[in-house]
Amino acid sequence: MIKFDNVTKRYETGQDALARVSLEIGRGELVFLTGHSGAGKSTLLKLLTAIEKPTRGQIIVGGQNLGRLSRGQVPYFRRNIGIVFQNHQLLFDRSVFDNVALPLQVAGYAPRDVARRVRAALDKVGLLSKERQNPIALSGGEQQRVGIARAVVNKPSLLVADEPTGNLDPELSAEVMGLFRQFNAVGVTVLVASHDLELIRRMQQRVLALQAGQLIYDGVPAHEPQPA
Amino acid sequence: MNHNRPETSRRETAEPKLRSGASTAGITANDRLRGWLLHHREMAAEAWRRFMAAPLSSAMTSLVIAIALALPAALYVGLANFQQAVAGWDGQPQISVFMDKRARPQALQQFAGKLEADPLVAEVQEVTPEQALAEFEAQSGFGDVLDGLQENPLPTVFLLRPASANQAELETLAQRLRDSALTDSVVLDVAWVQRLAQLTALAQRLLLGFAALLAVGVVLVVVNTIRLHIESRRDEILVVKLVGATNAFVRRPFLYSGFWYGLTGGLVAWGLVMLGLALLSGPAQDLAQSYQSSFELRGMGVTTMLLLVGGAAILGLLGAWVAVMRHISGIEPR
């Protein structure tokens, strides 16, 4: 599903955010990406979502070489990925329903399909009753769940989450992780970037750890996570 | 990007199953076209809602556009009216040949025959002294004075329409007529007709330049307004781009906003011109009457109005296009 082959990302400042990173994530995996801030997590996610292009090396996502993606192709590529943001990136000038509907409208779905899929996604995250509310009226955990509903409404084959539990208490974090697990269980490849080691340890899943732009750990931690 | 919800709110329990790879497979080309059309409709409506949501600032922008367009439009209407007023003079030169009072009728007949045979003369109209007198009485109001005269002081006049407008040929013809013993004086009415035509051409040229400059002004006003719209919706643009919106999708609402600004501006400009015409029609009629003219101030024809309003809408669209081209592609997720 995802393949990084000797990927280096050097920013204009001359700093290498990622240095010769190679990794592979198979279809249907649930993988955590961890590391201190500045270790290259965000860069890796930006490369994955075609926000940035690699300086060297190859990135293949779902069979597409991201280095060769033209500007015009990027939107269509992004429609196959669901992205969950730390600060959820909801729009407060419209209802929960309309926020979740965005990816479908962008892709040009018929209104009936939009309504059906939006309600299905909201049902999945347990917020169907709040579809008409403005997301600003929701709690932090609920807002994040709206963000997740929006990320999955298009039924992407890949779900990428950047610090999805960054602002949530442990209980809500566990709830969000539970959702990711459910999506993963139906075949979605999920990549979650997080520095919440405690949570990652409890999930007992494959972990990729970055340090200073290099991949320093790849495996399922036994009991005591060694990375970082 | 508000969405029209259909009334049906049925929940489908089978749906939440997320299958890998089933991303956009469920969308046909037909769906896409319908979705595209729907998006256009929604964006047009939403841009209008946004326009109405800030009535004061929208009105200001529209008014600026309207004033910029009303000026050349008013000049255009004024020029059209001027041309209408002088339309009686078809711009053709005319030669008035005043015959000697002592010329005998037979000689005049011969002279007229020669004129009609002349290849340089297209048309000859004879005004007899009696006709001239009657016309003079009717128009000048000096009938009583003329009644006191024992004989008609007016000569026979031939009004010639030359076959060509060539200056040299006209002069030759006039000179030949002057040389004839039968003519008293020959007046070549060419200079002022030409001046009028030249003046009109000058006014048209000025109007064109003026209109072009103000059109550029309108475009710039819209560019600036739309740029502010784009800035204020930066977050939204970033989010829709992250969920896979193409630049065309992002541009659409702004293009419609520009269109609405232009259209409303054009309509207000039309209103301003009509208002100006209504205010001027009274005095213009009085003036025309003092010249014994049946001239009436003409408004803007339907075609001109459509041109004005449509042109304004296109200028608005153009301004919005410039703004989105310059600013939207620069807003990319970082």
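The values are calculated or read from the model by the stated rules, or taken from the named source; none is laboratory data. Worth saying up front: this structure is predicted, and the values here are computed from it rather than measured. Don't worry about glycine lacking a Cβ; one is built from the backbone with ideal geometry, like all the others, and counts go over all protein chains shown. For the accessible areas, the whole protein counts, side chains as well, though only heavy atoms, and no ligand, DNA or RNA atoms are used. Shrake-Rupley method; radii C 1.70, N 1.55, O 1.52, S 1.80 Å.
Any idea which of B:331, A:168, B:83 is furthest toward the positive side of the dipole for the protein assembly as shown, if Lys and Arg beta-carbons carry +1 and Asp and Glu beta-carbons -1?
Ranked along the dipole, the leading option is A:168.
Could you give me the percent of Cα pairs per 5 Å distance bin for region B:235-334, shortest bin first, beginning at zero and ending with the bin that holds the maximum distance?
Going from the shortest bin to the longest, the percentages are 2, 12, 15, 13, 11, 9, 8, 7, 6, 5, 4, 3, 2, 1, 0, 0.
What whole-number distance in Å separates the alpha-carbon centres of region B:255-275 and region B:96-154?
Here the answer is 56 Å between Cα centres.
Which one of A:139, A:190, A:121 is farthest out on the positive end of the charge dipole of region A:110-228, using unit charges on Cβ (Lys, Arg +1; Asp, Glu -1) and the Cα centre as origin?
After comparing all options, I get A:121.
Hey, if we sort B:75, B:173, B:214 by accessible area with the 1.4 Å probe, largest down, what's the order?
Sorted descending by solvent-accessible area, the residues read B:75, B:214, B:173.
What pairs from A:124/B:241; A:41/B:241; A:3/A:46; A:53/B:241; A:9/A:46; A:46/A:155 go past 18 Å between their alpha carbons?
A:124/B:241; A:41/B:241; A:46/A:155
Rounded to the nearest 5, what is the percent of antiparallel bridges among the DSSP beta bridges in the protein assembly as shown? Write down the numbers at each step before the final one.
On the way: 34 of 51 bridges.
The antiparallel proportion sits near 65 percent.
Where the eigenvalues come from the Cα gyration tensor of region B:26-127, what are the semi-axes √(5λ) of the equivalent ellipsoid, largest first, in whole Å?
Those come to 71, 23, 7 Å.
Enter the Cα centre distance for the pair region B:49-85 and region B:176-205, rounded to the nearest angstrom.
Spelled out, the Cα-based centre of one part sits 40 Å from the other.
Normalized C-alpha radius of gyration of region A:100-228, against 2.2 N^0.38 Å?
This ratio for region A:100-228 stands at 1.17.
How big is the charge dipole of region B:94-189 about its Cα centre, in debye rounded to the nearest 20, if each Lys and Arg gets +1 on its Cβ and each Asp and Glu gets -1 on its Cβ?
Using Cβ point charges on Lys, Arg, Asp and Glu, region B:94-189 gives about 380 debye.
I'd like the residues of region A:170-186 whose 1.4 Å-probe accessible area shrinks by no less than 10 Å² going from the isolated chain to the full set of protein chains.
By number: A:183, A:186.
Compute the longest continuous run of chain B that contains no exposed GluC sites (Glu not before Pro); treat a site as exposed when its DSSP state is not H, G, I, E or B and it has at most 10 other Cβ atoms within 10 Å.
B:152-334
How big is the charge dipole of the protein assembly as shown about its Cα centre, in debye rounded to the nearest 20, if each Lys and Arg gets +1 on its Cβ and each Asp and Glu gets -1 on its Cβ?
About 3860 debye.
Against the 2.2 N^0.38 Å scaling, with N counting residues, where does chain A land? I'd like the Cα-based Rg ratio to two decimal places.
Normalised Rg, Cα atoms only: 1.00.
Please calculate how many Å² of accessible area chain A carries per residue, with a 1.4 Å probe and no DNA, RNA or ligand atoms counted. Please report the intermediate quantities before stating the final value.
Values: 9050 Å² over 228 residues.
Here the residues of chain A average 40 Å² of exposed surface.
Is the shape of region B:94-189 rounded, prolate or oblate, going by the alpha carbon gyration tensor and its root eigenvalues a ≥ b ≥ c, with a/c under 1.5 for rounded and a/b larger than b/c for prolate?
Details: a/c = 2.43, a/b = 1.81, b/c = 1.34.
Prolate, since a/c reaches 1.5 and a/b exceeds b/c.
Cα centroid distance between region A:9-78 and region A:128-173, in Å?
23 Å
Over chain A, with a Gaussian network built from C-alpha contacts below 10 Å, which listed residue (A:72, A:166, A:63) shows the highest mean-square fluctuation?
Between A:72, A:166, A:63, it is A:72 that shows the largest mean-square fluctuation.
Multiply the residue gap between residue A:24 and residue A:197 by 0.36 nm, knock off their C-alpha separation, and tell me the result in nm, one decimal place.
Full-extension gain reported as 60.1 nm.
What percentage of the solvent-accessible surface of the protein assembly as shown, computed with a 1.4 Å probe over protein heavy atoms, is contributed by carbon and sulfur atoms?
56 percent
Which of A:34, A:165, A:55 moves most in a GNM of chain A, Cα contacts under 10 Å?
Among A:34, A:165, A:55, the largest GNM mean-square fluctuation belongs to A:55.
Starting from 0.36 nm per residue, how many nanometres of slack lie between residue B:96 and residue B:286 once their C-alpha separation is accounted for?
So the chain would gain 65.3 nm between residue B:96 and residue B:286.
Which shape class, rounded, prolate or oblate, goes with chain B when its Cα gyration tensor gives a ≥ b ≥ c as root eigenvalues, a/c under 1.5 marks rounded, and past that a/b bigger than b/c marks prolate?
In terms of gyration-tensor shape, prolate.
Chains B and A: buried accessible surface, both sides, probe 1.4 Å, rounded to 100 Å²?
4300 Å²
Semi-axes, largest first, in whole Å: what does sqrt of 5 times each Cα gyration tensor eigenvalue give for the protein assembly as shown? Please list the in-between numbers first.
Working: eigenvalues 1445, 119, 65 Å².
Sorted largest first and rounded, they come to 85, 24, 18 Å.
If I require 15 Å or longer along the helix axis, counting alpha carbons, and a Kyte-Doolittle average no lower than 0.5, what helices from chain A are left? Use full DSSP H segments.
Qualifying helices: A:96-107.
Only Lys, Arg, Asp and Glu count, each charged at its Cβ (+1, +1, -1, -1), so figure out the dipole size of chain B about its Cα centre, rounded to 20 debye.
The calculated dipole for chain B is roughly 3080 debye.
Provide the per residue accessible area, probe 1.4 Å, for region B:94-189, rounded to a whole number of square angstrom.
On a per-residue basis, 63 Å².
With springs only between Cα atoms under 10 Å, which of A:88, A:195, A:36 fluctuates most in a Gaussian network model of chain A?
In the Gaussian network model the winner is A:36.
Given region A:158-228, what whole percent of its Cα pairs are spread farther than 19 Å?
34 percent
Scan chain B and note any complete DSSP helix (H) whose C-alpha atoms cover at least 30 Å along its axis and whose Kyte-Doolittle average is 0.0 or more.
B:55-85, B:191-232, B:247-290, B:302-327
Cross-link partners among aspartates and glutamates for residue A:130, C-alpha distance below 14 Å, same-chain residues fewer than 8 apart left out?
A:98, A:142
Got a sec? What order do A:94, A:145, B:41 fall in by accessible area at 1.4 Å, biggest, i.e. largest, first? Working shown, then result.
Working: A:94 10, A:145 35, B:41 165 Å².
Result, largest first: B:41, A:145, A:94.
Looking at B:122, B:208, B:166, which one has the Cα that reaches farthest to the positive end of the dipole of region B:104-229 (charges on Cβ: Lys, Arg +1; Asp, Glu -1)?
Positive-most Cα among the choices belongs to B:208.
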